[in-house]
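Here is the structure we will look at, set down as structure tokens.
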Amino acid sequence: MLMLVVCSCNIDGEYEALPKPEIRFDHDDGIYTVKVGGTLTLAPDVTNGDDARCEWSMDGVVVCTGRVWISEWPEAGEYYALFTVTAPGGVAREEVRIDVLAATPPTISLSIPPGGITLLAGSTYTFAPRYQHQDMEGFSVAWYVNGDKAAEGAEFGFRAQSTGHYRVTVEASNIDGTTVKEFEVTVVDSMPSKVTFMPLSYFEDADVRYTVPGRPVSVQAISSGCAEGDYVWSVNGNEVACRGSLMVYTPEALGDYIVKVNASGAEAVMKIVCVNAVAPGPDGGSGSEVDVVEWVPAPGQFIGETSSIGGMTSDIVTRTQAERWATARLKSGKFVSLGAWGGYLTVKFPHGVTAGSGQYDFAIKGNAIDTSNEPGIVWVMQDVNGNGLPDDEWYQLRGSDFSAVGVSHGKAVTYYRPGGARMDVEWTSADGLSGMVAYIGGSHNQPFYYPAWIEPECYTLYGTWLPSRTVYDSATGQWSNPPFAWGYADNLGSDMIGGGDTQSGLGQWIGFSISNAVAADGRSVSLDHIDFVKVQTGVMSSGGRLGELSTEVCGFTTDFGVLL
Amino acid sequence: MEWDYGTPEHFDFSGRGLFILNEGNFQYGNATLSYYDPERDSVSNEVFFRANGMKLGDVAQSMTIHNGLGWVVVNHSHVVFAIDLITFKERGRITGFTSPRYIHFVDDTKAYVTQLWDNRIVIIDPRRYEITGYIDVPAMNQTSGSTEQMVQAGRYVYVNCWSYQRKILKIDTETDRIVDELEVGFQPNSLVLDCYNRLWTITDGAGYDAPDGPETPALYCIDLSDFAVDRRFEFYPGDTPSELAIDGEGEKIYWINGDVWCMDVSATRLPLRPLVRSRSTIYYGLTVDPVSGDVYVADAVDYQQNGTVYRYAPTGLLTDRFTVGVTPGAFCWKLN
């Protein structure tokens, strides 16, 4: 082998090898970061570089000749630059990576409840937003009321003596920019009474219910100012005995029934339409093909998840796109996540489901294992008005814990869209609980866990709340969610149907009987068939790094033959 | 997955090849074994079931070849199968484990089997398919025990302790005793030995809910002359590096951290750019052909459907891809 050795002649006439040049950057990891629009100066130390030629190149194109490279970076991205030193002693090369980061002005997450904020004159309300990028240089927050600066600092205690509407502005700044959020505070002498009805669902929110003679309808009033026992109900102008926020009414004849509730002076009106039920389709109810007609998940780690495990795409941003995706997903037998508590999926059986004499009328496939049960409450609805929409009346299928201690029916939880990407999602409940659906980056890296097709900045979900059974074993570091006894989807209860077992890779099927249908007060309801099934996450819980508990459904069927 | 192969088949897979262990789903009993011929670019799936007429079991964890037999560790079935390397037929089995993870052969008469949820490393006699003893691991109990991968340098076997652990053990194979241990970061997940007689391990690091709080994942180089950390390279918080592998010469290490990364063992910093970028993939297993240097990376897809193995030239150029079983997580090279 021929070796070329670069030599120089010393004063004694002997030859010695010239040392090879060496490059040293001031960032040991070779990674430099700069903000979009910023300037970066790279000036590596070069030893043994006398008479050297220095050169910077990117993708083979020389961008600078000289040791020091001053460069500007107009676009975010990941770039690589090769620094080459050619000296009499040899050639040395080192590559560096330049991460050009998007500007990151602060984000502001402030949970303004639905309907805005109303305060009594003279009372104080403390606003405490969550901020992102507050560790950056120059971070500061200023608060303005009706345009006048009122305070500085991350939190603000608002107080006004005079009634009226106040425009509050929070302005958060750092070296990358300023973010502003505005909202209105209404100050009153006495809190106004207000009452509404719990909607059938997020999208079916009209104050109309459909039923048939002899079948109860559950009407739940929602009022912040009225005590339980002070509600006054009437039907067609005739006062009824109920004084609670829940009134279950059973029309006995065809016709319209006007239901009115008075809650501390506030009134709300609803109509119950009693019709003759439309008969089920000719096929009588059999099959596994269902259409997703509503998918309103709570925020969660699989919502908007675009990796192969989540399977969504970032262009699913409308209700129609989401429901189409969920329908196709179920057809392929893969799971659809319902997110944290209250998230739900409603499917329509094209031919209905007949209440039969067997143990079960339909089955729902989940993906529970021994240590991971994520129970989903199951509801059924008959399309009594025959319009093809789930706008009639929901009946819960009683499960083992329907009347257990800690179970709460008619719970309301509101989720708030975070102000920036990769943030926890805050929630509050109408009865004073609060918490976060944790963002677990590293496992699920989509920017937002809040459903993209829910347009408002917050949304409220209603349902039945089962107490959490999540257990953490500090010795093993394992989280587990033991099962409930029976009656829930995605839960290894005694109602797991044999044959569709956990050995075949198909996941488990849980059987459900329409005969378990109950009204909101627990009374049994007789249904000869149903058309819609809703599954709703029943537990609010988190398993540390595993994230929130979320019911998953993989399929629905009435065809028990395929399971056995 | 359909089990429709009927009666056992006769295989005759002589020559070099690559076994792929498909974990399956925990408690689903759907682990499978695949075999790939790198010369013909052909894969055969479910070869254990097809050769033996019985399922492999629940969670195929690892495989080691010794003395003409392949030793397949099936974690949640608590069994190690010995199979013929040409016909894939079972030649023997060892049972009685708590939760076996890896097997390492000290010589023809003795092997060690590491375990999860047990504070003992099992000593077996492979000739008799019997457990002959245990190595007790100090400062672990039945529920917190975790010993994982093993490499041998001279008379010593080194073991990384993973689940909620943070140490590397040194076992004297002549006395079957732990003679030293070294603390590294939280949950060292894999272990290789380079050409300079140095160990490399990657630690998971920890999130906010870990017992000792958050910790950044790191790559460690351990000098065996003094059994001390020689170099430590930090990843970013939230990174998930794992599946450390090494080439046939012991000169380059590879790992998965979202993408697939490659680094010379003499490097003084982590590489700037990955060898193979991820593309909506869930890379779950990694190996390097000890002869050609080709890189094989297993994509678990969604942990539900059959996985895919991608084969890359040493330059990172994709040269082949093939479908295997559910959750492919480990490989084993048959060199002849």
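What separates the Cα centres of the stretch B:20-59 and the stretch A:107-127 is a distance of 59 Å. The modelled label-to-label distance for the pair residue A:236/residue A:387, using points 7 Å beyond Cα in the direction of Cβ, is 2.2 nm. Do the alpha carbons of any pairs in A:194/A:411; A:365/B:89; B:110/B:170; A:334/A:534 sit beyond 25 Å of each other, and which pairs? Result: A:365/B:89 exceed 25 Å.
When Rg is the radius of gyration of the Cα atoms in the stretch B:243-327 and Rh is its Kirkwood radius, what does Rg/Rh come to? Taking Rg over the Kirkwood Rh, I get 0.97. Each principal axis of the Cα cloud of the stretch A:67-160 was taken in turn, and the coordinate range along them, longest first, works out to 82, 25, 18 Å. For chain A, the longest principal axis of the C-alpha atoms and the axis of helix A:319-331 are separated by about 90°.
Taking every residue in B:298-311 and counting other chain Cβ atoms within 10 Å of its Cβ, the average works out to 2. Helix-only arithmetic for chain A: the sum of -39500 (n - 2.57) across DSSP H runs with n ≥ 4, divided by the residue total, places the mean residue ellipticity at 222 nm at -500 deg cm²/dmol. In plain terms, the C-alpha convex hull of the stretch A:418-559 casts an average shadow of 12.1 nm² when viewed from every direction. Calculated FRET efficiency, residue A:117 to residue A:243, Cβ-Cβ distance, R0 = 25 Å: about 0.25 to the nearest 0.05. With viscosity 0.692 mPa s and temperature 37 °C, the Kirkwood radius over alpha carbon pairs of the stretch B:133-211 converts through Stokes-Einstein to a diffusion coefficient of 251 µm²/s.
Over chain A, the alpha carbon radius of gyration divided by the compact-protein estimate 2.2 N^0.38 Å works out to 1.30. Solvent-free Debye calculation, one equal scatterer per alpha-carbon of the stretch A:107-188: log10 I(q)/I(0) at 0.14, 0.24 Å⁻¹ equals -0.46, -1.18.
Could you work out the percent of alpha carbon pairs in chain B separated by over 35 Å, rounded to a whole number? Pairs farther apart than 35 Å: 16 percent. Shielding of peptide A:367-378 by partners, expressed as the average count of other chain Cβ atoms within 10 Å per residue Cβ, is 1. Each of the peptides A:338-350, A:259-271, A:59-71 was scored by the mean count of other Cβ atoms within 10 Å over its residues; in descending order, highest first, they stand as A:338-350, A:259-271, A:59-71.
Highest mean first, the peptides B:63-69, A:547-553, A:47-53, A:401-407 sorted by other C-beta atoms within 10 Å per residue fall in the order A:547-553, B:63-69, A:47-53, A:401-407. Residue exposure proxy: A:531, A:424, ordered by other Cβ atoms within 10 angstrom of their Cβ from fewest to most, comes out as A:424, A:531. Extending 7 Å from the Cα toward the beta-carbon at both residue B:291 and residue A:186 defines two label points whose distance is 8.0 nm. The distance separating the Cα centre of the stretch A:42-84 from that of the stretch B:315-334 comes to 38 Å.
Taking beta carbons within 10 Å but only from partner chains, what does the mean come to for residues B:268-280? Counting Cβ atoms of other protein chains within 10 Å of each residue's Cβ and averaging gives 3.
Let me know the whole percent of all Cα-Cα pairs from the stretch A:285-367 that are separated by more than 22 Å. When all Cα pairs of the stretch A:285-367 are counted, 28 percent exceed 22 Å.
For the listed peptides A:213-223, A:78-88, a ranking on the average number of other beta carbons within 10 Å per residue, highest first, reads A:213-223, A:78-88. Only DSSP H runs of four or more residues enter the estimate; each adds -39500 (n - 2.57), and after division by the residues of chain B the mean residue ellipticity at 222 nm equals -500 deg cm²/dmol. Note on the stretch A:196-274: along the principal axes its Cα atoms extend 34, 30, 16 Å, ordered by decreasing extent. Modelled spin labels at residue A:135 and residue A:31, positioned 7 Å past Cα toward Cβ, are 1.4 nm from each other. Rounded to 0.05, the FRET efficiency of the residue A:224 and residue B:216 pair, given R0 = 56 Å and the Cβ-Cβ distance, is 0.75.
All of the numbers you see were taken from the coordinates with simple rules; none came from a lab. Given the structure is predicted, the values throughout are model-derived calculations rather than measurements. Cβ atoms come from the backbone with ideal geometry, glycine included; neighbour counts cover every protein chain shown.
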